[in-house]
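Chemist: Just passing along the structure, written as C-alpha cells.
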Amino acid sequence: IEVNDKAVEEARENAALNGIENCAFVSASAEAIFKSNNPVRVKTNKNDLKQVGSYEINDIETSEVLVGDFPRDTTVVVVDPPRKGCSEEFLEQLDEYKPQRVVYMSCDPATQARDAKFLVSYGYEVVSIQPFDLFPQTRHIECLAVFELNKNK
C-alpha cells in the first residue's frame, strides 16, 4: 500500500523484472487497509483463506481476499512510513488485526521509537533492530526493527 502512484508503478515493474508474483501493490492510504472492502489478488492453496472470489490461471489458483481475512498467525506486515511515522489510526488497526510479525523500516528513529512504544504495549517484542548509515557524514540514518507478537501476553 503506497500513497505515491509512481512508486506503485515502479514496484510493479521491479516485481515483473525479477519474476516476483506473490505480491500486490496498491496505490492508497494504509490507514484503512485492514478494514477495506476492496479485495487483493493472492495465490493460495484451496481453503487457506476466506475467499471473496477465485479463478485459475495456468493451473495456479488465484483468489481475491480481503486483507483483514489473511491468517494472522502467519502474516507479516511490512511498514515503511513517512518521516512522521505511523498514524495512531493505523497503529490501532494493527493492534486489532494482530499479525504475527511487524517489520518496520524508518527514516526517523525518533518516530520509530514512539511507534515502538505502541507496538510493545500491544504485546509485541523487539526481536532485532539494525540502523543503516546510507547517508555518511549526515545525521540521517535508516533503521529496521522487527517485532514479533508475544503470545504469552
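Chemist: Please state the charge dipole magnitude for the range 106-146, taken about the Cα centre, from unit charges on C-beta atoms (+1 on K and R, -1 on D and E), reported in debye and rounded to the nearest 20.
Modeler: Working: 3 positive and 5 negative charges, 25 e Å.
Computed charge dipole of the range 106-146: roughly 120 debye.
Chemist: Continuing with the same structure: Pop a pseudo-label 7 angstrom from the Cα along the beta-carbon direction at both Glu64 and Ser36 and give the gap in nm to one decimal.
Modeler: Those two pseudo-labels are separated by 1.4 nm.
Chemist: Starting from 0.36 nm per residue, how many nanometres of slack lie between Tyr97 and Glu13 once their C-alpha separation is accounted for? Mind showing how you got there, number by number?
Modeler: Numbers: separation 84, 0.36 × 84 = 30.24 nm, distance 2.98 nm.
That pair, Tyr97 and Glu13, stretches by 27.3 nm at full extension.
Chemist: Here's something else I'd like to know. Around Asp133, what is the net charge, scoring Lys/Arg as +1 and Asp/Glu as -1 over all other residues with Cβ under 12 Å from its Cβ?
Modeler: On the way: positive: Arg139; negative: Glu142.
Value of the local net charge: 0.
Chemist: Moving on to the next point. In the range 82-150, carbon and sulfur make up what percent of the accessible area (probe 1.4 Å)?
Modeler: On the way: 2210 of 3860 Å².
C and S fraction of accessible area: 57 percent.
Chemist: I've got another one for you. May I ask you to evaluate 6.51 cos²θ - 1.76 cosθ + 1.60, the Karplus curve with θ = phi - 60°, for each residue of the range 107-123 and list the ³J(HN,Hα) values in order in whole Hz, giving x for glycine and proline?
Modeler: 9, 9, x, 5, 6, 5, 5, 4, 5, 4, 4, 4, 4, 5, 5, 8, x
Chemist: Excluding Lys6 itself, calculate the net charge of residues whose Cβ lies under 13 Å from the Cβ of Lys6, where each Lys or Arg counts +1 and each Asp or Glu counts -1.
Modeler: Details: positive: Arg12; negative: Glu2, Asp5, Glu9, Glu10, Glu13.
That sum, taken over residues with Cβ under 13 Å, equals -4.
The values are calculated or read from the model by the stated rules, or taken from the named source; none is laboratory data. Everything quoted here is computed from the prediction, not taken from an experiment. As a convention, Cβ positions derive from the backbone with ideal geometry for all residues, glycine included, and neighbour counts pool all protein chains shown. Areas reflect the complete protein model, heavy atoms only, side chains present, ligands, DNA and RNA absent. Shrake-Rupley method; radii C 1.70, N 1.55, O 1.52, S 1.80 Å.
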